[in-house]
Amino acid sequence: MTTTTPRPVGASAVADPNAAGAAELDRAMQRDFRRERRLKARDLLLAVLTPIALLLLWEVAARTGVLDARLFTPPTQIAQRGWEMLLSGELWTHTVATVGRLVTGLVLGSVFGVLAGLLMGVWRPLRAALGPTFTALYALPKIAILPLLLLIFGLTETPKVLSVAISVFFVVQINTLAGIVQIDARIIEAARAYRASGWKLFRYVLLPGALPSIMTGLRVSAGMAVIVITAVEFVASNDGLGYLIWNSWQLFQPEKMFVGLIAVSLLGAIATGLIILLEKALLPWKHAGGSKRKATKP
Amino acid sequence: MTQTTTTSADVGRPAFTTRGVSKAFVGRHGNVHALSDINLEFRTGSFTCIVGPSGCGKSTLLRILGGLETPTSGEVTDHLEAGAVPKSAFVFQEHGVFPWLNVLQNVAFGEHMANVGKREREEHARHWIAEVGLTGFEQAYPHQLSGGMRQRIAIARAFATGSPSLLMDEPLGALDAQTRMLMQELLVRLWEAERKTVVLVTHAIEEALLLGDQIVMMSARPGRVKEVIDVPFSRPRDVAIEGTSEFAQARQSIWESLRDEVQLSVRYA
Ligand SMILES: Nc1ncnc2c1ncn2[C@@H]1O[C@H](COP(=O)(O)OP(=O)(O)O)[C@@H](O)[C@H]1O
Ligand SMILES: [Mg+2]
């Protein structure tokens, strides 16, 4: 702890007490600033060191026989196999197949989800007509309808994309509707008092008011879409990262499986990251810095 | 500026007249009789303050004047001319500014909704942003500002809308005492320059005396007009009058008149 030197009272020991006080304050602020920077650097270091340490441990354990190397391929071998698959184009082919389905399904599902949610939010009869049914369908595990889709569309791309789109649709629709319904009644009253109506009410009040909730829906559904497409590709596909993982199990190629797992995780992280970027661009009023202070945590 | 201002010939003409206005809310937990037989006349270019115990229907009366609510019986007439902009511009206690619009967009909102062109409405908005002392914060979002600054956005928006009347519902109620005094001075100054018809609800007797030309005192629910008094202080006014003995006397007599009503409303609250 720092101690402040007692200031002589009444005496003119300090030539300019104001200047001395300012300098002291300046030093204290510098100290706080450096301390904060040190803590941040430490946090970052710890965050990076943990996975590296785990990987090292894995490598050592697999090589010394503590872990069964046939099941838990050492990380260096996984990396090597991943590099080979990348060069041969194998990894690329599977990734493209999965990304294509994922993006198509996500876009379809979110466009229709947002539209349905917004329409239900502003038009009460539609909400009354569809709300309960949609809520009931929301509870259904969407992957369970894959066999039905396969029955209808055969083993084509359509059932794969549709599985993703349907899962995304319900999450996005429910979040969009909730976003509109939850807008503060006092905000709506202020809008009405200033004669906002029709398109302008929608564009400048309802849509921005619902947007945070819509973005939450998109973020959640992106993570879910990756799960759904992987599961779909396990059973109903001859390409894609899900197929790669499933197939490596059947052929007992754990290093390939690990490559597939890593690729899928990266895909999920990238999808979520992109949506977070979109969120920051669309919601500047949530992210612009300001007087909102963060509480310092130990 | 193309703000609607009141010519001296208009002063004294009623801006709003209420005749036998009553309001009952039908609710799940029974009906609430909020207002009963309100007969008032608000003169054009006057500043009226409404005081009364909480829950006596002050906000309801204001919303009826502004057309946000219809009376259950009785009628409200207004003699305001406004063109495209709303006849009354509201200032709410809190949560009236849009968090997703920056200061400039918030202040320009009323004219935006009235289809005033972007250049013109932003010019008006900048003028009023300067009047309330927020120049430099045009691009800031409300959450980046203090409560007092957010209320100044709301006040600037009401003036910038160009409506001939302003309806304010406890606009300074959520502010700390010092900020509140500054904002009262601001309101006095802006109103004395513009002379719009203002109706302001407040729970502070001092505020009503400082700002108003007349004070409407309301009874506990169902709200009735208990008394209307003229404020004896001349204009231009400033907060210094709060130190005078006339002020203390006026405050005391208003409080005497309100005390029973407040007690009633507390008992049934
Ligand atoms: N929309 C509404 N629905 C039902 N009751 C309401 C509504 N608005 C106000 N009230 C009731 O009417 C009474 C008067 O409310 P209000 O005008 O807000 O009082 P004040 O502003 O004087 O505190 C209160 O009892 C309140 O609960
Ligand atoms: Mg009220």
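Residue A:194 - would you say it is within 13 Å of another protein chain (Cβ to nearest Cβ), free of Cβ contacts under 8 Å to residues at least 24 places away in the same chain and in contact with a strand residue (DSSP E or B) (Cβ under 9 Å, 6 or more places away or on another chain)? Yes; evaluated as a whole, the condition is true for this residue.
Please state which one of B:15, B:34 is away from chain A (no Cβ under 14 Å), aliphatic (A, V, I, L, M), touching a Ser or Thr at 6+ places or on another chain (Cβ under 8 Å) and more than 15 Å from ligand 1 (Cβ to nearest atom).
On the way: B:34 fails: more than 15 Å from ligand 1 (Cβ to nearest atom).
Result of the check over B:15, B:34: B:15.
Only a single criterion out of (1) hydroxyl-bearing (Ser, Thr, Tyr); (2) within 14 Å of ligand 1 (Cβ to nearest atom); (3) under 18 Å from the mean Cα position of the chain (by Cα) is not satisfied by residue B:219, namely (3).
Just a yes or no: is a residue in the stretch B:63-85 touching a strand residue (DSSP E or B) at 6+ places or on another chain (Cβ under 6 Å), closer than 15 Å to residue B:162 by Cα, within 16 Å of ligand 2 (Cβ to nearest atom) and of a type in the set (A, V, I, L, M)? Looking through the stretch B:63-85, none of the residues is touching a strand residue (DSSP E or B) at 6+ places or on another chain (Cβ under 6 Å), closer than 15 Å to residue B:162 by Cα, within 16 Å of ligand 2 (Cβ to nearest atom) and of a type in the set (A, V, I, L, M). Is it true that some residue in the stretch B:247-269 is loosely packed, with under 12 Cβ neighbours inside 10 Å, outside any helix (DSSP H, G or I) and modelled with pLDDT under 90? Yes, the conditions are met somewhere in the stretch B:247-269.
Please note which helices (runs of 4 or more DSSP H) are completely contained in the stretch A:222-293 and include at least 3 residues that are out of contact with any helix residue (DSSP H, G or I) (no Cβ under 7 Å at 6 or more places or on another chain).
Values: elements: A:241-250, A:254-282, A:284-287.
Result: A:254-282.
Would you confirm whether any residue within the stretch B:51-60 is surrounded by 15 or more Cβ atoms within 10 Å (Cβ to Cβ), away from ligand 2 (no atom under 16 Å from the Cβ) and under 19 Å from the mean Cα position of the chain (by Cα)? Checked against the condition, which is being surrounded by 15 or more Cβ atoms within 10 Å (Cβ to Cβ), away from ligand 2 (no atom under 16 Å from the Cβ) and under 19 Å from the mean Cα position of the chain (by Cα), the stretch B:51-60 yields no hits at all.
In this structure, residue B:90 does not qualify as within 14 Å of chain A (Cβ to nearest Cβ) and more than 23 Å from residue B:218 (Cβ to Cβ). Residue B:53 meets each of the listed conditions (1) assigned to a loop (DSSP other than H, G, I, E, B); (2) more than 7 Å from ligand 1 (Cβ to nearest atom); (3) at positive phi apart from (3). Of all residues in the stretch B:167-192, those that are at negative phi have Cβ atoms under 8 Å from Cβ atoms of residues that are of a type in the set (Phe, Trp, Tyr), 6 or more apart or on another chain, in B:167/B:90; B:168/B:90; B:169/B:90; B:169/B:92; B:171/B:92; B:190/B:159; B:191/B:47.
Against the criterion of being within 16 Å of ligand 1 (Cβ to nearest atom) and within 14 Å of chain A (Cβ to nearest Cβ), residue B:48 does not qualify.
Evaluate the following for residue B:94: is it farther than 30 Å from residue B:256 by Cβ, within 16 Å of ligand 1 (Cβ to nearest atom) and not assigned by the TED database to the domain that holds residue B:183? So residue B:94 does not fit the description; no.
The values are calculated or read from the model by the stated rules, or taken from the named source; none is laboratory data. Owing to the predicted nature of the structure, the values given are computational and were not obtained by experimental measurement. Counting neighbours? That spans all protein chains shown, and the Cβs are built from the backbone with ideal geometry, glycine included.
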